[in-house]
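Structure record follows, encoded as structure tokens.
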Amino acid sequence: GMELSHYIGANTLGPAVPWKSGGPCKMKRVRTVFKPEQLERLEQEFLKQQYMVGTERVDLAATLHLTETQVKVWFQNRRIKWRKQSMEQKAAKLSQFGVIQPATTDLTGIKDHEEDTVDVEL
């Protein structure tokens, strides 16, 4: 009875909390809490591919009883975490060799572009 309806509503927006909201009818987005088995599966898929699109995302969401948006956002956040970790690893390796570089040496070509600009000015 009560537990079942509570469980079904677990992945929805949840009730409006009057004392937390700015106005009378504002709904606060409740943070999705993933179950360990959902996270395990999401991590497995992420190891295979960093981008989940189209029917694959729809299928995965259905399998895990999540919305497509929840899966999409999880992948977006996981990519950010992954990039941050790989940048930290790169920085750690460089500092081992006494080479300290600014954090801007991302996966993008920003640093090269800056150097080009400096060359032109000289």
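The values are calculated or read from the model by the stated rules, or taken from the named source; none is laboratory data. In this text, all values refer to a predicted model and were calculated from it rather than measured experimentally. Just the protein is used for accessible areas: all its heavy atoms, side chains included, with ligands, DNA and RNA removed. Shrake-Rupley method; radii C 1.70, N 1.55, O 1.52, S 1.80 Å.
Does residue 5 meet the test of being part of a helix (DSSP H, G or I) and modelled with pLDDT under 70?
Yes: the conditions hold for residue 5.
Of all residues being farther than 15 Å from residue 75 by Cα and open to solvent by less than 90 Å² (accessible area, probe 1.4 Å) in segment 24-45, which is modelled with the lowest pLDDT? Just the residue, please.
My answer is 30.
If you take the residues of segment 46-105 that are at pLDDT below 95, aliphatic (A, V, I, L, M) and not in a helix (DSSP H, G or I), which of them is least open to solvent (accessible area, probe 1.4 Å)?
Only one residue fits best here, namely 52.
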